[in-house]
1. Mind checking the angle between helix 5-20 and the chain's longest principal axis? C-alpha axes, 0 to 90 degrees, to the nearest 10.
2. Take the alpha carbon gyration tensor of segment 1-89, find the square roots of its eigenvalues, order them as a ≥ b ≥ c, and report rounded if a/c is under 1.5; if not, report prolate when a/b exceeds b/c, else oblate.
3. Decide, for segment 91-153, between rounded, prolate and oblate: order the square roots of the alpha carbon gyration tensor eigenvalues as a ≥ b ≥ c, take rounded if a/c falls under 1.5, and otherwise choose prolate if a/b is larger than b/c, else oblate.
4. Which value, in nm² and rounded to one decimal, describes the direction-averaged projected area of the C-alpha convex hull of the chain?
5. Where the centroid of each part is defined by its Cα atoms, how far is segment 1-55 from segment 202-278 in Å?
6. Calculate for the chain the 222 nm mean residue ellipticity that helices alone would give, adding -39,500 (n - 2.57) per DSSP H run of length 4 or more and normalising by residue count, nearest 500 deg cm²/dmol.
7. In percent, how large is the relative contact order of segment 157-290, given Cα pairs closer than 8 Å and 6 or more residues apart?
8. Which of 10/47; 164/214; 10/248; 60/135; 81/142; 10/135 have a Cα-Cα distance over 28 Å?
Amino acid sequence: MPISVDSVIKAITAQNNRYRDRSSSIAVKLESLWDMGDALVRLGVKKPHSLGWAVQRQTKGLIKRPTIFRSHKIRSIWPSKEVFMRDVGRIPQLSRLTELFPLIDPAQDVRGRLSGQLLVEIYRHAHDDSNSKFKSYVYELKKQYASGKLGKSLDRSKYLGELKQVVTTFETLRSRLLQLLADGQLHHREVFRKATEEEELKAFANMCISLTTKDNCRLYKRSGPRVSSSRDESFRALYDYYRKLLGKESDVERARLRRLIAAEAFAQMSDAISSVRSEEGVQDYRERQKMSIEL
């Protein structure tokens, strides 16, 4: 029987609220992640990536896809919360845990090549090292145990020449939209809205979601004009480029762009464009940034 998104949301809402609470310590956030992962495993979740997108859409970003994936991954590595907290409960930053996943995940070949003593040493470095020392330590380990993509730097240079301007334009527009949503100046938002037809804004939001992953390309709706008439230069350039990219049968060029712009960034852009279309959307966006889910 398929797992319903509603049942997943209900099962992890309390833990997610605790995880998102800015006053929660790192240890509390770690415990919350394990508890969410345990709930997902008990529900029989097998595909946390695709489920994560569905949960993120339904909760309007209050439960994020990476939270679903990471909590599920944590539970798949540590069947016991006590052992999990013993191993990594004292790390100073959550990002250190994600840095370790490629090394300590039993689903990866490298995990079987690590001795128990080395694992203890890895966790010690995660607890005690400075940021720069820890990153250097993990980098050297990944090179030493290189397998597949592990330990191999992605050569982005061959893509950046062609896509550098696209990435720069994307970041410029995203930063401006986030400022518009946070800024109290209604006039600035009205100027942005008047520069672009609402049909184009809706189509662009859909294009951004469709570019998040290869699978999500199926969400693309061929709506809006073929060529943008927006007076906003950044928006117009991205609209025309994405429209052309999504019209191609091959995923090669889209995959190159996904290596340079994270799925979360595309999703954030889609949310920002949808929200800025009206003052009601702006208010809803602001509320979502500070609220916990109430069921």
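1. Taking the Cα atoms of the chain, the angle to 5-20 is about 70 degrees.
2. Values: a/c = 2.14, a/b = 1.32, b/c = 1.62.
Because a/c hits 1.5 or more and a/b fails to exceed b/c, segment 1-89 counts as oblate.
3. Details: a/c = 1.73, a/b = 1.36, b/c = 1.27.
Taking the square roots of the gyration eigenvalues as a ≥ b ≥ c, segment 91-153 is prolate.
4. Numbers: hull surface 69.6 nm².
Taking a quarter of the hull surface, the average projection is 17.4 nm².
5. First find each Cα centre; the distance between them is then 28 Å.
6. Numbers: 15 runs with 201 residues, N = 295.
Per the formula, -22000 deg cm²/dmol.
7. Numbers: 126 pairs, mean separation 45.9, N = 134.
Over segment 157-290, the number comes to 34 percent.
8. On the way: 10/47 18 Å; 164/214 21 Å; 10/248 39 Å; 60/135 33 Å; 81/142 26 Å; 10/135 37 Å.
Table pairs above 28 Å Cα-Cα are 10/248; 60/135; 10/135.
Read the figures in this text as sums done on the coordinates, not as results from a lab. Bear in mind the structure is a predicted one, so any value in this text is a computation, not a measurement. Using ideal geometry, Cβ is built from the backbone for each residue, glycine included, and neighbour counts are taken over all protein chains shown.
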